[in-house]
1. Based on Cβ point charges of +1 for Lys and Arg and -1 for Asp and Glu, what charge dipole magnitude is obtained for the stretch 11-145 about its Cα centre, in debye rounded to the nearest 20?
2. Could you please put 175, 163 in sequence from largest to smallest accessible area, using a 1.4 Å probe?
3. On a 0 to 90 degree scale, rounded to 10, what angle separates helix 67-80 from the longest Cα axis of the chain?
4. Could you tell me, in Å, what Rg and Dmax come out for the Cα atoms of the stretch 259-332?
5. With +1 on each Lys and Arg Cβ and -1 on each Asp and Glu Cβ, and nothing else charged, work out how big the dipole of the chain is about its Cα centre, in Debye to the nearest 20.
6. Once Rh for the stretch 112-205 is found with the Kirkwood sum over Cα pairs, what is the Stokes-Einstein diffusion coefficient at 37 °C and 0.692 mPa s, in µm²/s?
7. For a quick check of understanding: with a 1.4 angstrom probe and all protein chains in place, what accessible area in square angstrom does residue 122 have, to the nearest ten?
8. When the Debye formula is applied to the Cα atoms of the chain, each taken as the same point scatterer, what base-10 log of I(q)/I(0) results at q = 0.15 Å⁻¹?
Amino acid sequence: MAAFGTNFTSQMVTSSYSAGQWSSLKLEPVQPFALHPATHVLHYASECFEGLKAYRTAAGDIHLFRPDRHVARMQRSAERLLLPIPSEEELLRALHMAVAAASGEIPAYPGALYLRPTLFGTSADIGAAARPADSAVFYVLPSPVGDYFAGGLKPLRVKVDDKAQRSTPSFGEVKTGGNYAAALREVVRAKEELGADQVLFAPGGDVQETGAANFVVIEDSHLLTKPLDGSILPGVTRDCILTLARDAGLTVVERNFTVAELLELAPRAEAALTGTAAVLTPVGELVYNGETVRVGTGEMGPWSTRLREQLCAIQSGTADDPYGWRVPLHQA
Ligand SMILES: *Cc1c(COP(=O)(O)O)cnc(C)c1O
């Protein structure tokens, strides 16, 4: 299968906002948008997005994974960016419409249908630097994805950066392209200079998250992660892992912790990244100030393995879903 993110179904769901109103949802071919060169998003980055998955189980049933959470987060992102906010009902309907249209193209588990809801400002006005967009486009782009770990689940080498900022103290919780733009140079440099897969942003020593995933440390029956204080993305996968960890008997500690503390814990800990695309990925090495510190044995640890398997079993439909995370596709 094509690389993650480059393969799309033939249809997407769209809606546009103008004169104070959203148009009704439309199923249309995946095709380029025609944008005026003065379009707001191109100049002032009025954009937010989501990423979630729909799965087809071995029995053939189709479900969306925690769509309510993704919809609520998209509404919060839109609100923070002063973009028009589609209603919860319309957002959910758009997701189900997109999945229903692609129901014949959902790869078998561990493949899935990745959904990319996107919202951007379209006012053709380069004078609107200090004004919100008064028109917008919303769409859901479906992308069939294969096994993210077809090449095996290899622990990551992660650069710990205590200087660079991924975002700002309050904008970090917004799922917007601007935050990715802010992180890009550091991620590329870490790859080129250190062979690192990701950068763990820890400005001023405060351990936050990587460019696109939350970060957890597990040590001595405690799972440690940064609290949702506005500086990090409130990951849906993070919430799943914290829930499963609590129910498995780990003590979940959401508090700030420093790079020094992380490096001290690392040799006897497990560490992992969480996010929709990769679920849970172990971190095997941290690189700080040019020195490599191994996390635990350097291999995926027992807690990471267990929590990942539990979440994957709920997603694939092979385990019960006591939390109500699977939402069956509404067949229109
Ligand atoms: C999307 C994203 C995550 C992961 O969120 P999930 O809801 O678990 O997919 C984490 N950090 C950032 C910066 C993100 O953009």
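1. Roughly 280 debye for the stretch 11-145.
2. Sorted descending by solvent-accessible area, the residues read 163, 175.
3. Once rounded, the angle reads 80 degrees.
4. When restricted to Cα atoms, the stretch 259-332 yields Rg and Dmax of 16.5, 56 Å.
5. I would put it at about 360 debye.
6. On the way: Rh = 16.5 Å.
The Stokes-Einstein estimate is 199 µm²/s.
7. Number for this one is 30 Å².
8. With no solvent term, the Cα-only Debye profile gives -1.31.
The values are calculated or read from the model by the stated rules, or taken from the named source; none is laboratory data. None of the values given here were measured: they were computed from a predicted structure. Methodologically, a virtual Cβ is constructed for each residue, glycine included, from the backbone with ideal geometry; neighbour enumeration extends over all protein chains shown. With ligands, DNA and RNA removed, areas are computed over all heavy atoms of the protein, side chains included. Shrake-Rupley method; radii C 1.70, N 1.55, O 1.52, S 1.80 Å.
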